[in-house]
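Enquirer: My questions will all concern the structure given below.
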Amino acid sequence: MIAPTRTLTAQRPATKRPATKRPRARRLTAAGALTALTLTALAACGTDPEPGGRDQPSRPKASAPPRPATLAPGPAGLTPVFKNAPRTPASATPTVALTFDADMTADQGPRAAAGERFDNPALVSTLRRLKVPATFFMTGRWAEEYPAQAKDIGRDPLFEVANHSYSHYAFTDRCYGLPTVPASRMRADVERAFAAFRKAGVERQVPYFRFPGGCYDKKALRALAPGGVTAVQWDVVSGDAFATDADAVARQVLDGVRPGSVVVMHCTRSAAPTTERALRTIVPKLRERGFRFVRVSEQIRAAGASHSRG
């Protein structure tokens, strides 16, 4: 959860097949070969078609989907950090990625049992109705609490599911009052979240990670580097956490979005009750301005291509 701002602004049975020689898998590096953590998170990437109401979600193909792009390790082999895509020239169609944190900490089970809702089905329905691709940064604890919803989101070609830790505990000290994960347990916490996604049946996982609260330091980047994930931040804070004014949230997003922006929002009814209403304003207004909605995976691919050309 991001602190509020004051600006208000059916699997087939196995059959025997003739033995064939498999081609050697291509080797990916990110401070070493990708581990099972990332390999289980690879899924399809697509794009949101043209703005202006003609968009249709990409349809999954029978062939194997392309692997989501990741960024190369940062200096000293640290986990790379992505904030926004390259700013496109005026002649190009600008893109924007809406991201939604599905927050639930490891110790919030009693609150959920008492009736507090950490999900937001209406928000997901609105994204589908408006045909908006999106990336959900989900905690493992959220996937355990709402496995059917996690599976449903993870099977929709409009969406992709990224990692927001298992416990939603902070990876640094002094991070909005969150409990802290020790450095020795950081990678295990991330792996536990991916395991929770697999158990829930999430299909479209991507090897991206968002730090709880957005808090990180070199120690955290070093701890996660062997997993081969790309850390995803943002350049636009929606201010939807604990907000009560949907119009103020919409204005803050619309004022902040630039070509290539990543917007951080939330998919939790109890802590972000106005987000779905704000979307009904944000989406058409950005389309009027010519923006095309994409998932984070497309922006990271664009960032990698831009870096290779540069």
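The values are calculated or read from the model by the stated rules, or taken from the named source; none is laboratory data. Quantities reported herein were computed from a predicted structural model and do not represent experimental measurements. Every residue, glycine among them, receives a Cβ derived from its backbone with ideal geometry; neighbour counts consider all protein chains shown.
Enquirer: Please find, among T268, T244, the residue that is part of a loop (DSSP other than H, G, I, E, B) and buried (at least 23 other Cβ atoms within 10 Å of the Cβ).
Expert: Answer to the check: T268.
Enquirer: Hey, any hits in the range 140-156 for a residue that's closer than 24 Å to P110 by Cβ, in contact with a Lys or Arg (Cβ under 8 Å, 6 or more places away or on another chain) and among the aliphatic types (A, V, I, L, M)?
Expert: So far as the range 140-156 goes, yes, one or more of its residues are closer than 24 Å to P110 by Cβ, in contact with a Lys or Arg (Cβ under 8 Å, 6 or more places away or on another chain) and among the aliphatic types (A, V, I, L, M).
Enquirer: Here is a follow-up. Looking only at residues that are assigned to a helix (DSSP H, G or I) and of a type in the set (D, E) in the range 117-157, which one is surrounded by the fewest Cβ atoms within 10 Å (Cβ to Cβ)?
Expert: Filtering first and then ranking leaves D152.
Enquirer: Residue under question is A76, and the condition is that it be modelled with pLDDT of 85 or more and either small (G, A, S) or buried (at least 19 other Cβ atoms within 10 Å of the Cβ) (or both); does it hold?
Expert: In short, yes.
Enquirer: Related question: Mind checking whether some residue in the range 290-309 is touching a Leu at 6+ places or on another chain (Cβ under 8 Å), outside any helix (DSSP H, G or I) and modelled with pLDDT of 95 or more?
Expert: Yes, the range 290-309 has at least one match.
Enquirer: Restricting attention to the range 166-177, does a residue exist that is over 29 Å from G77 (Cα atoms), at pLDDT 95 or above, in contact with a strand residue (DSSP E or B) (Cβ under 7 Å, 6 or more places away or on another chain) and of a type in the set (A, V, I, L, M, F, W, C)?
Expert: So far as the range 166-177 goes, no, none of its residues is over 29 Å from G77 (Cα atoms), at pLDDT 95 or above, in contact with a strand residue (DSSP E or B) (Cβ under 7 Å, 6 or more places away or on another chain) and of a type in the set (A, V, I, L, M, F, W, C).
Enquirer: Now, a different point. Search the range 160-180 for residues being among the hydrophobic types (A, V, I, L, M, F, W, C) and buried (at least 24 other Cβ atoms within 10 Å of the Cβ), and hand back the single one that is nearest to T105 (Cα to Cα). Can you show your working first?
Expert: We begin by selecting, within the range 160-180, every residue among the hydrophobic types (A, V, I, L, M, F, W, C); these are 161-162, 170-171, 175, 178.
Next, from what is left, pick out any that are buried (at least 24 other Cβ atoms within 10 Å of the Cβ): 161-162, 171.
Values: V161: 17, A162: 16, F171: 13 Å.
Filtering the range 160-180 for residues that are among the hydrophobic types (A, V, I, L, M, F, W, C) and buried (at least 24 other Cβ atoms within 10 Å of the Cβ), the one nearest to T105 (Cα to Cα) comes out as F171.
Enquirer: Right, something else. Specify which of the listed residues (V232, V236, V249) is under 30 Å from S91 (Cα atoms), in contact with a Lys or Arg (Cβ under 9 Å, 6 or more places away or on another chain), of a type in the set (V, I, T) and surrounded by fewer than 24 Cβ atoms within 10 Å (Cβ to Cβ).
Expert: V236
Enquirer: Another question, if that's okay. How many residues are surrounded by 23 or more Cβ atoms within 10 Å (Cβ to Cβ) and over 26 Å from S261 (Cβ atoms) if we restrict to the range 203-229?
Expert: Residues in the range 203-229 being surrounded by 23 or more Cβ atoms within 10 Å (Cβ to Cβ) and over 26 Å from S261 (Cβ atoms): 2 in total.
Enquirer: I would also like to ask the following. Failed condition for S297, given (1) of a type outside the set (F, W, Y); (2) touching a Cys at 6+ places or on another chain (Cβ under 7 Å); (3) closer than 22 Å to A90 by Cβ, with all others met?
Expert: That leaves (3) as the condition not met.
Enquirer: Just need a number here: residues in the range 98-112 that are small (G, A, S) and assigned to a strand (DSSP E or B).
Expert: The total comes to 1.
Enquirer: Which one is surrounded by the most Cβ atoms within 10 Å (Cβ to Cβ), of the residues in the range 181-201 that are touching a strand residue (DSSP E or B) at 6+ places or on another chain (Cβ under 9 Å) and within 17 Å of V232 (Cβ to Cβ)?
Expert: Going through the qualifying residues, I end up with A193.
Enquirer: State which residue pairs qualify: first residue under 19 Å from S297 (Cα atoms) and inside the range 190-209, second residue modelled with pLDDT under 95 and part of a helix (DSSP H, G or I) in any location, beta carbons under 6 Å apart, and separation of 6 or more residues or different chains.
Expert: Cβ pairs passing all conditions: F194/L37; P207/T38.
Enquirer: Could I ask something else about it? What's the total number of residues in the range 99-116 that are exposed (fewer than 15 other Cβ atoms within 10 Å of the Cβ) and touching a helix residue (DSSP H, G or I) at 6+ places or on another chain (Cβ under 8 Å)?
Expert: Final tally of qualifying residues: 1.
Enquirer: Further question on the same structure: Mind listing just one residue for me: the one in the range 117-146 that is out of contact with any strand residue (DSSP E or B) (no Cβ under 6 Å at 6 or more places or on another chain) and among the aromatic types (F, W, Y) and, of those, farthest from R204 (Cα to Cα)? First the steps, then the outcome.
Expert: Filtering the range 117-146 for residues out of contact with any strand residue (DSSP E or B) (no Cβ under 6 Å at 6 or more places or on another chain) gives 117-126, 128-131, 139-141, 143-146.
Those still in the list that are among the aromatic types (F, W, Y) too: 118, 146.
Numbers: F118: 21, Y146: 16 Å.
Within the range 117-146, the match that is farthest from R204 (Cα to Cα) is F118.
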